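Working notes, structure below.
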Amino acid sequence: MEFSQEKAVSGILEKSLSTSMNHTYFLEYAAKLALRNVEEGKGGPFGAVIVKNGEILAEGANSVTRLADPTAHAEVMAIRAACEVLGTFQLTGLTLYSSCEPCPMCLGAIYWARPEALYFAAGKEDASAVGFDDSFIYDEIAVGLDKRTLPTTQIHVPSELHAFERWQRTQQKEAY
Ligand SMILES: [Zn+2]
């Protein structure tokens, strides 16, 4: 009885140890993607991987300059690649590993993709120290429209709710 309890406890410890080793492995993998991206001149120093059942399903590296796409951050690239492989727009049950703390855009994309969990290595302060400062976006979100650096104005128009009303009446729609 005692023996089996000990065995059960050591099993739990082994499982949590191997899980945390997996986290390190995938974060190291993402960090190496980021480094390779810089070394090969393909973009910014960011990488991300999406893991399903302990295996890498998709990966992404920052491709903003290469693709002339300001949304081509590593996490977004990884989400796009994973969704293409899966043929769906949800990452249910999957885990996203990023070499760095996601910016507000990527964080939003990650929430929309609905993975099971997010892990990141470097902090946003580390990114800021080498010129990738996204703190101003967090600041922008927190202040009112009239205080934002991007002039932002709401103007009501007659048709503004028509698409919403049509959406509500539509029977066959794919909810997300
Ligand atoms: Zn981002």
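The values are calculated or read from the model by the stated rules, or taken from the named source; none is laboratory data. Remember, predicted model here, so these are calculated numbers, not experimental data. A quick note on method: Cβ atoms are made from the backbone with ideal geometry, for glycine too, and the neighbour counts reach across all protein chains shown.
Just a few scattered comments:
- Checking every residue in the range 124-137 against the condition of being away from the ligand (no atom under 16 Å from the Cβ) and over 24 Å from Asn37 (Cβ atoms) gives zero matches.
- Counting only helices (runs of 4 or more DSSP H) wholly contained in the range 86-176, the ones carrying 1 or more residues that are modelled with pLDDT of 95 or more occupy 104-113, 124-129, 162-169.
- Single unsatisfied condition, Val130 versus (1) in contact with a helix residue (DSSP H, G or I) (Cβ under 9 Å, 6 or more places away or on another chain); (2) in contact (Cβ under 8 Å) with a residue 60 or more places away in the chain: (1)
- Residue within the range 52-70 that is within 14 Å of the ligand (Cβ to nearest atom) and acidic (Asp, Glu) present: yes
- Only listed residue being at pLDDT below 95 and not hydroxyl-bearing (Ser, Thr, Tyr), chosen from Asn37, Asn62, Asn53: Asn53
- Positions within the range 81-117 being touching a Ser or Thr at 6+ places or on another chain (Cβ under 8 Å) and surrounded by fewer than 17 Cβ atoms within 10 Å (Cβ to Cβ), in sequence order: Met105, Arg114, Glu116, Ala117
- Applying the condition of being under 9 Å from the mean Cα position of the chain (by Cα), farther than 20 Å from Tyr176 by Cβ and touching a residue at least 40 places away in the same chain (Cβ under 8 Å) to the range 89-118 and asking which residue is nearest to the ligand (Cβ to nearest atom) yields Ser98.
- Among the residues examined, Phe3 does not qualify as within 16 Å of the ligand (Cβ to nearest atom) and either in contact with a Cys (Cβ under 6 Å, 6 or more places away or on another chain) or at pLDDT below 75 (or both).
- Among the residues of the range 56-80, those identified as buried (at least 24 other Cβ atoms within 10 Å of the Cβ) and outside any loop (DSSP other than H, G, I, E, B) are Gly60, Ala61, Ala74, Glu75, Val76, Met77, Ala78, Ile79.
- Residues of the range 73-88 classified as out of contact with any Phe, Trp or Tyr (no Cβ under 6 Å at 6 or more places or on another chain) and more than 9 Å from the ligand (Cβ to nearest atom), total: 11
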